[in-house]
Amino acid sequence: MVLSTLSHTCSDSPQRSKKRTRAIRKRSQPGSLSTMTRTRIVLILILGFGCFAGAPALGTDPSPEAQINSPTASDTDAAREILRAAFANRYEVNLTTQIELTVHSRSGQQRKRTLQAVTKVIDHRVHSLGRLTSPEHLRGMTVMMMEAEDRSHDAFIYMPSLDKVRRINSSQRGDAFFGSDVTYEDIEHQTVADYTFLKFTKETRDGEPVFRIHASPKRRLNYDRVIFTIAQTDGAILGAEYFKRDTDAPYRVLSAPRNHMIVSGGHVLPTRMKVENRIKGSHTEVTLYNLRTDEKIDDRIFSVRTLESRRDLPGKEKYPEDEPFEHTYP
């Protein structure tokens, strides 16, 4: 399994990690979007429509997509701002939640993982912790990801069986997250600076008008290009399709159905997602329970010391690990 190999392949010493992580400053930014920010997102979406006024309207275009294959500078700017607002809505929020990962293999076998997760925006940078609560043989394994000032990510994993903290290096970012079809890249804070924009399309999916933003990563990653599906009404990310070089069909597909989204703290957030790996023939269902954006989160928990001490994460006293999750959303 991928996680077992991490203990042998991750590099850097915990002592060096301690120094780096203790430098985290206490000043933090609120996780919810302010009224001004929400207004800005709405204006961005409206401007996005205006920039493409020359394209055929959705109601009159006989093709499934109204395409802009060679975006102009204004097209690219509009796509960038729409995606920027979508990323802010999805990632730049303080939250606590319990997550259930149900992995379905090609042969039909199922494996489940449950974990506690905490995310906080500190100095405009996203910090996250995820601790496995089941199965029993993996219980206590914890991953911490911290966005650096240069927008790179420091990632560490605590292995309770070894009582050691290991660094996850950049070559492992495409690895499976706790043995699922989710990758470490999927849970990192995405920014528009990470992408070059290729094409912009508009269409209707499941009766909802959406933007389809085609982009390629500037860094060398496991995929060559991606298509983000963004709701035109509120900027929610409804899906992403990842392609290998010189292929027409995506090899990985992420989807977040509209009927499993909630509004909390000024953000539109998914409580259920599906991640398909079409090369492996497997998929993972991701369900978020008891998602809260009003929990008090101490900046100091995002440290190697927290990993080593097995300190309780926010929300544990309300939703003990030994009790089954209560599904509070439709």
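The values are calculated or read from the model by the stated rules, or taken from the named source; none is laboratory data. Everything numeric in this text was worked out from a predicted model, so none of it was measured. All Cβ positions, even for glycine, are placed from backbone atoms using ideal geometry, and neighbour counts span all protein chains on display.
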Within region 214-236, the residues that are part of a strand (DSSP E or B) and more than 22 Å from Asn259 (Cα to Cα) are His214, Ala215, Ser216, Pro217, Arg225, Val226
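Is it true that Pro217 is free of Cβ contacts under 8 Å to residues at least 40 places away in the same chain, out of contact with any Leu (no Cβ under 7 Å at 6 or more places or on another chain), farther than 19 Å from Glu241 by Cβ and not β-branched (Val, Ile, Thr)?
On the way: free of Cβ contacts under 8 Å to residues at least 40 places away in the same chain: yes; out of contact with any Leu (no Cβ under 7 Å at 6 or more places or on another chain): yes; farther than 19 Å from Glu241 by Cβ: no; not β-branched (Val, Ile, Thr): yes.
When the stated conditions are applied, Pro217 does not pass them.
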Across region 236-267, the tally of residues that are among the hydrophobic types (A, V, I, L, M, F, W, C), touching a residue at least 60 places away in the same chain (Cβ under 8 Å) and surrounded by fewer than 20 Cβ atoms within 10 Å (Cβ to Cβ) stands at 1
| said: Based on this model, can you work out whether Phe178 counts as touching a residue at least 40 places away in the same chain (Cβ under 8 Å) and on the phi > 0 side of the Ramachandran plot? | reply: yes
Given (1) among the aliphatic types (A, V, I, L, M); (2) assigned to a strand (DSSP E or B); (3) modelled with pLDDT under 95; (4) in contact with a Gly (Cβ under 9 Å, 6 or more places away or on another chain), Leu198 misses just (4)
Within region 278-306, of all residues that are assigned to a loop (DSSP other than H, G, I, E, B) and over 20 Å from the mean Cα position of the chain (by Cα), the one surrounded by the fewest Cβ atoms within 10 Å (Cβ to Cβ) is Lys296
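Quick grid of which residues meet (1) in contact with a Ser or Thr (Cβ under 7 Å, 6 or more places away or on another chain); (2) in a helix (DSSP H, G or I); (3) buried (at least 22 other Cβ atoms within 10 Å of the Cβ):
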position: Ala78; (1), (2), (3): no, yes, yes
position: Thr102; (1), (2), (3): yes, no, no
position: Arg106; (1), (2), (3): yes, no, no
position: Ala117; (1), (2), (3): yes, no, no
position: Leu129; (1), (2), (3): yes, no, yes
Exactly one of His260, His267 is modelled with pLDDT of 95 or more and out of contact with any Pro (no Cβ under 7 Å at 6 or more places or on another chain), and that one is His267
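May I ask you to say which residue of Thr233, Thr204 is in contact (Cβ under 8 Å) with a residue 60 or more places away in the chain, closer than 30 Å to Lys120 by Cβ and surrounded by fewer than 19 Cβ atoms within 10 Å (Cβ to Cβ)?
Details: Thr204 fails: closer than 30 Å to Lys120 by Cβ.
Just a single option satisfies the conditions, and that option is Thr233.
Looking at region 246-277, which of its residues are of a type in the set (A, V, I, L, M) and either over 25 Å from Gly207 (Cα atoms) or assigned to a strand (DSSP E or B) (or both)? Step through it out loud before you land on a result.
Keep residues of region 246-277 that are of a type in the set (A, V, I, L, M), which gives 249, 253-254, 256, 261-263, 268-269, 273, 275.
Answer for region 246-277, where residues must be of a type in the set (A, V, I, L, M) and either over 25 Å from Gly207 (Cα atoms) or assigned to a strand (DSSP E or B) (or both): Val253, Leu254, Met261, Ile262, Val263, Val268, Leu269, Met273, Val275.
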